[in-house]
Structure formats: C-alpha cells, structure tokens
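The values are calculated or read from the model by the stated rules, or taken from the named source; none is laboratory data. Since we're looking at a predicted model, the values are computed, not measured. For neighbour counting, all protein chains shown are included, and Cβ atoms are generated from backbone atoms with ideal geometry for every residue, glycine included. Note: accessible area is taken over every heavy atom of the protein model, side chains too, but ligands, DNA and RNA are not part of it. Shrake-Rupley method; radii C 1.70, N 1.55, O 1.52, S 1.80 Å.
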Amino acid sequence: NAPSFGGVTLLSPDENRLSAVLCDLLNPEGTHGQGSSFLRLFVKQCGFGPASTISSRVTVRRECCTIFIKSVKRRIDILVDGVTWGIGIENKAWATEQKKQFPDYVEDLQKRYDGKFLLLRLAGDDSEVKTLEKETTKLLVESGRFRTWTFSKEVDQWLAACGRVCRAPRVSQFLKELHRYVGTTFKEEPDP
C-alpha cells in the first residue's frame, strides 16, 4: 500500500507553490470544482463575518500588490476580495518577515476595505509576529482584523474539513495527501 509514499513531498513545495495550492482551494472558480465550499469553511473558521456573505462576486488572487499605500511594490500572498470586505493572507511557512511588512499590509487593507478586513498570517511555527508592535497586534486581534494560524493546527484543521465536504474523489485524495504533508512537515512535537 506504500504507506510512506508522500506525493506532495515529492513535489518539494516552497512557500510560493504552497500559496498557489491554497489560493486554488480558496477560489470558488478553482480547479477543485467544489465552488465556494472550501472558502466558506475557511471564512467560518477565521471567524470573519458570516460565511453566508460569500457570493459570486468574491475573487481570490495571488501576489496582490499593495496599491493603496506608498510601498506599492509589496505583494500580499493571497487576497480574498469580497468587494466591500477582504482577507489578506500572508504565508510565512518558512520565510521571515520583511521590514514593516505587516504594518504595510494592515494599512493597505484598511484603505482598500474601510476597516472591513482580516489579515491572516500563516505560520510554520508558533512564533509571534515581529513587524507589528505588540499593542497594535493586540488591538488588531481584539477587533478581529488580525490572526495567526499555524500550519500544524488551524491550516491542518481547515484541510481536514475541506476533505470531509469534498465530493470529487481526485480532489479528496489530494486533500488527504496535503493534510498528511502539513501534518508531517509542520508537526508540533518532534518525531521520536
């Protein structure tokens, strides 16, 4: 049965490839053919507004430029654009933060969505965000505009939930492999 076979591992995903996979899963028009079901699960798990706000007007884009601030060369890894609201997702599976990265993203999303946004940091470990001041981070978290998900916990939970609602056998199998990859790559405890 090849229990040690890891299809995703063989592809050696880096942060960009991992972001591309997550973007496709979140996209209602994605190749998975499941419509908005994965995005609804994601929005619900984020606790960002009701999942019922997901409509056909939602677009999901990769490498979205920060066009509402002076630092226009910055790119948010994934942007879920609901026209009047948005979720910016920054994948930090392995990379470190760039100077003023998260403050710039907060400023861009604030201007883009008039405060109706969530900035979600996907982290490979449970480290703290470094480029936001602690008080600013606290205020953003309390207002529901900033969260950190670790791959080993929240991302893994979302992938498992996607697998449970998926109706396409090929996509379901891929989700199982991706779930397995995330579980082994970002495990919280070292393997004895």
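May I ask which of Lys73/Lys138; Lys92/Lys176; Lys70/Lys92; Lys92/Lys153; Lys111/Lys153 have a Cα-Cα span longer than 25 Å here? Intermediate results must be reported in sequence, preceding the final value.
Details: Lys73/Lys138 27 Å; Lys92/Lys176 22 Å; Lys70/Lys92 23 Å; Lys92/Lys153 14 Å; Lys111/Lys153 31 Å.
Long pairs (Cα-Cα over 25 Å): Lys73/Lys138; Lys111/Lys153.
Taking a spot 7 Å from the Cα of Thr31 along the direction of its beta carbon, which residues of the range 58-78 have an amide N less than 16 Å from it?
Only 62 pass the distance filter.
How many Å² of accessible area per residue for the chain, probe 1.4 Å? Write out the running numbers ahead of the final one.
Values: 10620 Å² over 192 residues.
Computed with neighbouring chains in place, this is 55 Å² per residue.
May I ask you to list the residues of the range 131-156 whose amide nitrogen lies under 13 Å from a point 7 Å from Cα along the Cα→beta-carbon direction of Thr96?
131
When the accessible area of the chain is split by element with a 1.4 Å probe, what percent falls to carbon and sulfur? Could you put the intermediate results ahead of the total?
On the way: 5580 of 10620 Å².
That share works out to 53 percent.
Can you give the % of DSSP beta bridges in the chain that are antiparallel, to the nearest 5? Don't skip to the answer; put the middle values down first.
On the way: 10 of 22 bridges.
Rounded to the nearest five, the antiparallel share is 45 percent.
Quick one, which of [x] 15.0, 44; [y] 20.6, 85; [z] 16.5, 54 is the actual Rg and Dmax of the Cα atoms in Å calculated for this model?
Comparing each candidate, only [z] matches the computed number.
Report the local net charge at Gln45: Lys and Arg +1, Asp and Glu -1, summed over other residues whose C-beta lies under 15 Å from its C-beta. Walk me through the intermediate numbers first.
Working: positive: Arg40, Lys44, Arg121, Arg147, Lys153, Arg164; negative: Glu154, Asp156.
Result for the local shell: +4.
Taking 7 Å along the Cα-to-C-beta vector as the label spot, tell me the Ser143-Gln157 distance in nanometres, rounded to one decimal.
The modelled label-to-label distance comes out at 2.5 nm.
Under the 0.36 nm per residue contour assumption, what length would be gained going from the current alpha-carbon distance of Arg61 and Glu135 to full extension? Intermediate values should be presented prior to the final figure.
On the way: separation 74, 0.36 × 74 = 26.64 nm, distance 3.01 nm.
Length gained, Arg61 through Glu135: 23.6 nm.
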